[in-house]
1. Restricting the search to the range 35-93, which residues are closer than 19 Å to Asn13 by Cα and aliphatic (A, V, I, L, M)?
2. Taking the condition open to solvent by less than 60 Å² (accessible area, probe 1.4 Å), in a loop (DSSP other than H, G, I, E, B) and farther than 21 Å from Val23 by Cα, does Ile123 pass?
3. Please state which one of Lys3, Lys12 is in contact with a Lys or Arg (Cβ under 8 Å, 6 or more places away or on another chain) and charged (D, E, K, R).
4. Of all the residues that make up the range 27-79, how many are free of Cβ contacts under 8 Å to residues at least 24 places away in the same chain and at positive phi?
5. If you take the residues of the range 65-118 that are part of a loop (DSSP other than H, G, I, E, B), modelled with pLDDT of 80 or more and touching a strand residue (DSSP E or B) at 6+ places or on another chain (Cβ under 8 Å), which of them is farthest from Glu40 (Cα to Cα)?
6. So for the range 124-134 (the condition being over 26 Å from Lys8 (Cα atoms) and aromatic (Phe, Trp, Tyr)), does at least one residue qualify?
7. With the checklist (1) assigned to a loop (DSSP other than H, G, I, E, B); (2) over 24 Å from Ile108 (Cβ atoms); (3) within 10 Å of the chain's Cα centre (by Cα) in hand, flag the one item Leu55 doesn't pass.
8. Return the residues of the range 3-28 that are under 10 Å from Thr54 (Cα atoms) and more than 18 Å from the chain's Cα centre (by Cα); say none if nothing qualifies.
Amino acid sequence: MKKNIEDKLIHKNTKPTSMRILVYDFLSSQEAALSLSEIENHFEHADRTTIYRTLKTFEEKGIVHSIQENTTTRYKLCHDGCNENTHKDWHLHFYCKICKQTTCREDISFREPVQTDFRIDEIRLFAKGICESCLSLQ
């Protein structure tokens with residue numbers, strides 16, 4: 001697993017440090033997007049600044065995309081097609097008001113834009129509501 005992560009980071013022109021490998025591995029096991037605090041809580045003895053810098057590097061290199069929720073930024077791994085110039089996260093980001101989870105809804109997405117005289121680097125679509133799991137509990 002570690003070698004696979006190293007290869008993915010190298011492919012994205014990112015040096016595979018121990019912390020980057022750990023953060024990537026942790027994010028790859030998550031269904032929902034996570035805030036810096038949530039990620040930091042998983043790594044009890046890691047420096048908050050190191051985790052933040054790792055996430056910012058990942059975002060710059062097209063490894064994670066950020067989802068802005070009011071005053072909180074959450075992070076989710078990108079698809080392999082994202083790169084330094086273009087994040088292809090052209091799907092709905094959904095926040096559940098009950099369980100407080102933010103998920104990427106690939107089933108609701110934009111098709112890639114047609115050829116234009118301009119370049120679209122990312123599209124952000126955000127919705128709030130109640131997820132399927134929480135609705136079934138009501």
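1. Answer for the range 35-93, where residues must be closer than 19 Å to Asn13 by Cα and aliphatic (A, V, I, L, M): Ile51, Leu55, Ile63, Val64, Leu77.
2. Judged against the criteria, Ile123 is a match.
3. Lys12
4. Residues that pass the stated criteria total 1.
5. Looking at residues that are part of a loop (DSSP other than H, G, I, E, B), modelled with pLDDT of 80 or more and touching a strand residue (DSSP E or B) at 6+ places or on another chain (Cβ under 8 Å), I get Lys97.
6. So far as the range 124-134 goes, yes, one or more of its residues are over 26 Å from Lys8 (Cα atoms) and aromatic (Phe, Trp, Tyr).
7. (1)
8. Thr17
The values are calculated or read from the model by the stated rules, or taken from the named source; none is laboratory data. These figures come from a predicted structure and were not determined experimentally. Using ideal geometry, Cβ is built from the backbone for each residue, glycine included, and neighbour counts are taken over all protein chains shown. Just the protein is used for accessible areas: all its heavy atoms, side chains included, with ligands, DNA and RNA removed. Shrake-Rupley method; radii C 1.70, N 1.55, O 1.52, S 1.80 Å.
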